[in-house]
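Enquirer: I have a structure here, written as structure tokens, and I will follow up with some questions on it.
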Amino acid sequence: MARKILVTGACSQLGRVVEVLLKLQEDTEVVALPQAELDILDAPAVLATVEEIKPAVIINCAGFNDVIAAEKRLATKLSINTRGGCNLAQAASQFKAYLCTFSSKFVFNGKKDQPYIEDDDFWPINQYGTSMHGGEEMISNLLDNYLIIRSDLLYGGGNDFVSQIQRALKVGDQFAVSDDFMIAPTYIGDLAAAMVALSSKWAAGVYHYTNDAGDDGISCYEFAQVVAELSDLDASLLKPTPINDMDFDTPLSMPHRAILSIEKFREMFPALVRPWREALTVYIEK
Ligand SMILES: NC(=O)c1ccc[n+]([C@@H]2O[C@H](COP(=O)([O-])OP(=O)(O)OC[C@H]3O[C@@H](n4cnc5c(N)ncnc54)[C@H](OP(=O)(O)O)[C@@H]3O)[C@@H](O)[C@H]2O)c1
């Protein structure tokens, strides 16, 4: 019998790729629901949907990822990361499904001078990180059969950091970009493939997955320079700026150097780890 998989938040940049990848799997039936068809904040609707579909696996691709907006609009939007995860975990627990969801490096404070491993202590320093931490806590308290994949800045879905840089440089605008906020930028196609690999082995607990940017990561400025170079755009329009001087329109604490260790994942699936520059090149040149 085909393995039934329910994808929530199916219109997210990640959800669209996850759906395509899952549909290529043999013996798999995919039901992919955008927010308009399943609001994960609606607990009775989540329970009813899971009861009706009876998925073996639930993959949650919904989330609220705007770190700056998160600092201003707390309760409403951020509950997608906390209460949304909790609703799915309750349904997964009741109907014996395996729940896979995504989290972020923002659960850490960025003060460790080495990459963070999965078991390191949480220490979120802004509202977004706190909401991701809250979601993780609720899921791990309610379920044994869960997979949480923490990642870093995602691109590949259209309206992302790569396209913001390209849009600005194409029209000749200066683009301020942080030169001291370190990232391991990650192509959503690679993250989706990592999730499919882990979930097909019923991996449980927390895993980190990013494209490989070494132990120190790269700055957003370095990333933007390579985006410009690969897109034949004028990198001199990029304005390197300390993150504390960026105009976020709200006071915001950021984890300057939170890089996720991907060694636990690499041990299981070495072929699915690739350097960030290679992933970005393939994405831009495709
Ligand atoms: N983006 C990143 O850099 C990043 C980094 C680390 C982890 N993550 C995690 O990776 C996952 C996917 O991120 P993404 O960047 O692909 O997301 P995204 O493109 O920003 O999309 C978020 C999606 O969540 C949906 N959504 C919002 N509220 C919902 C609700 N109440 N019920 C159901 N769906 C709802 C939205 O629906 P509409 O389309 O209807 O608005 C949207 O499609 C998220 O869990 C995120 O937390 C992202």
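Bear in mind that the values in this text are calculations on the coordinates, not laboratory data. The structure displayed is predicted, hence computed values, not measured ones. Positions of Cβ are generated from backbone atoms using ideal geometry, with glycine treated the same way; all protein chains shown enter the neighbour counts.
Enquirer: Expressed as an acute angle from 0 to 90° and rounded to the nearest 10, what is the orientation of the C-alpha long axis of helix 276-285 relative to the principal long axis of the chain?
Expert: Relative to the chain, helix 276-285 is tipped by roughly 90 degrees.
Enquirer: Relative to the longest principal Cα axis of the chain, at what angle does helix 83-94 sit, 0 to 90 degrees, rounded to 10?
Expert: Between helix and principal axis, roughly 30 degrees.
Enquirer: Here is a further query. From the phi of every residue in region 105-122, what ³J(HN,Hα) in whole Hz does the Karplus formula 6.51 cos²θ - 1.76 cosθ + 1.60 yield, where θ is phi - 60° and glycine or proline is x?
Expert: Computed from phi, the couplings for region 105-122 are 5, 5, 6, 9, 8, x, 9, 6, 8, 10, x, 7, 8, 4, 8, 4, 5, 5 Hz.
Enquirer: Just need log10 I(q)/I(0) for the chain at q = 0.09, 0.11, 0.13 Å⁻¹, Debye formula, equal scatterers on the alpha-carbon atoms, no solvent, rounded to two decimals.
Expert: Each listed q corresponds, in turn, to -0.41, -0.63, -0.88.
Enquirer: Work out the length of the dipole vector of the chain about its Cα centre, built from +1 on the beta-carbon of each Lys and Arg and -1 on the beta-carbon of each Asp and Glu, and round it to the nearest 20 debye.
Expert: Dipole size: approximately 580 debye.
Enquirer: Between T210, T82, T250, find the one with the highest GNM mean-square fluctuation for the chain; connect C-alpha pairs within less than 10 Å.
Expert: T250
Enquirer: What number, in percent, do you get for the relative contact order of the chain if the mean sequence gap of Cα pairs under 8 Å and at least 6 apart is divided by its residue count?
Expert: Worked out over the chain, it gives 20 percent.
Enquirer: Another question about this same structure. Would you mind giving the three semi-axes, in whole Å and largest first, of the ellipsoid equivalent to region 1-64 according to its Cα gyration tensor?
Expert: With the √(5λ) rule applied to region 1-64, the semi-axes are 19, 16, 7 Å.
Enquirer: Relative contact order for region 1-118: what percent, with Cα pairs under 8 Å and sequence separation of 6 or more?
Expert: 28 percent
Enquirer: Of G134, V162, S104, which is farthest along the charge dipole of region 99-169 in the positive direction, counting Lys and Arg as +1 and Asp and Glu as -1 at C-beta?
Expert: Result: V162.
Enquirer: Add -39500 (n - 2.57) for each DSSP H run of 4 or more in the chain, then divide by its residues: what number comes out at 222 nm, to the nearest 500 deg cm²/dmol?
Expert: -11500 deg cm²/dmol, from helical runs alone.
Enquirer: Give the separation of the Cα centroids, region 1-63 to region 246-285, in Å.
Expert: So the separation of the two Cα centres works out to 25 Å.
Enquirer: Something else about it: Using only Cα atoms, find the angle between the long axis of helix 13-23 and the longest principal axis of the chain, and express it within 0 to 90 degrees, rounded to the nearest 10.
Expert: It works out to around 50 degrees.
Enquirer: Give, as a single signed number, the net charge of other residues whose beta carbon lies under 12 Å from the beta carbon of L230, with Lys and Arg counted +1 and Asp and Glu -1.
Expert: My count for the surroundings of L230 gives -2.
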